[in-house]
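Asks: Dumping the structure here so I can ask a few things about it.
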Amino acid sequence: MKKLQLDYLDLYLIHQPYGDVFGSWRAMQELYFQGKIRAIGVANFHPDRIADLIANSGFAPAINQIETHPFHQQTENQKFLEENNVQIQSWGPFAEGKNNIFHNEILIEIGNKYNKSVAQVILRWLVQRNVIAIPKSIRKERMAENFDIFDFELTKDDFQAIQTLDTKASLFFDHRDPNMVKWLSERKLEM
């Protein structure tokens, strides 16, 4: 915090469910109770890992930051998180442009209906689902566009159309794949 020149952090996350998760979580809880961190959470945790963390610490994460976008909608995961008072937060809401998301006919058609871009449709869809979104952009005009999503509302039909895009699979990698876990662990050791 000295390097950041801050007295506290708003949110601190465990990035992935590997390594000494419980030791990290206990240390984060201590900082939380000292008032040095306002909220603690996790990222990339599947429901079983969240359940284990809550059961063994008695403390639910404020947030689980997970890949959530039209091609990987995480509806079942979101239900579980809501039942356990954990807020879902989307990383990669635009799927990092994969699957030609900005040229998807369904999303374009919905956007045309409201005179909005595909990005705005996606962000509005997430907001209406009560999913916090972290859109990534370095362009000022895109950032302004990303905020311009509160003057329209998607309909049930729009939601049903977007639901057809769900592949129920990551576009990046599976956090449960043993080979990926090994690869990520090896990278961590190199740092």
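We did not get these values from a lab; they are worked out from the coordinates using the rules stated. Keep in mind it's a predicted model, so treat the numbers as computed, not measured. FYI the Cβ positions are ideal-geometry reconstructions off the backbone, even for glycines, and counts take in every protein chain you see.
Asks: Hey, which of the helices (runs of 4 or more DSSP H) in the range 1-96, taking only ones fully inside, have at least 3 residues that are under 30 Å from residue 164 (Cβ atoms) and charged (D, E, K, R)?
Replies: Because the criterion is at least 3 residues that are under 30 Å from residue 164 (Cβ atoms) and charged (D, E, K, R), the helices (runs of 4 or more DSSP H) in the range 1-96 that meet it are 75-83.
Asks: Consider residue 109 carefully, then state whether it is over 15 Å from residue 69 (Cα atoms) and either outside any helix (DSSP H, G or I) or of a type in the set (Gly, Ala, Ser) (or both).
Replies: no
Asks: Within the range 81-98, is even one residue surrounded by 16 or more Cβ atoms within 10 Å (Cβ to Cβ), under 18 Å from residue 148 (Cβ atoms), out of contact with any Lys or Arg (no Cβ under 7 Å at 6 or more places or on another chain) and not small (Gly, Ala, Ser)?
Replies: Looking through the range 81-98, at least one residue is surrounded by 16 or more Cβ atoms within 10 Å (Cβ to Cβ), under 18 Å from residue 148 (Cβ atoms), out of contact with any Lys or Arg (no Cβ under 7 Å at 6 or more places or on another chain) and not small (Gly, Ala, Ser).
Asks: Please enumerate the residues belonging to the range 116-147 that are of a type in the set (D, E, K, R) and surrounded by 15 or more Cβ atoms within 10 Å (Cβ to Cβ).
Replies: 116, 124, 129, 145
Asks: Which residue is farthest from residue 76 (Cα to Cα), if the candidates are limited to the range 114-170 and must be of a type in the set (S, T, N, Q), over 18 Å from the mean Cα position of the chain (by Cα) and part of a loop (DSSP other than H, G, I, E, B)?
Replies: Per the stated criteria, the residue is 115.
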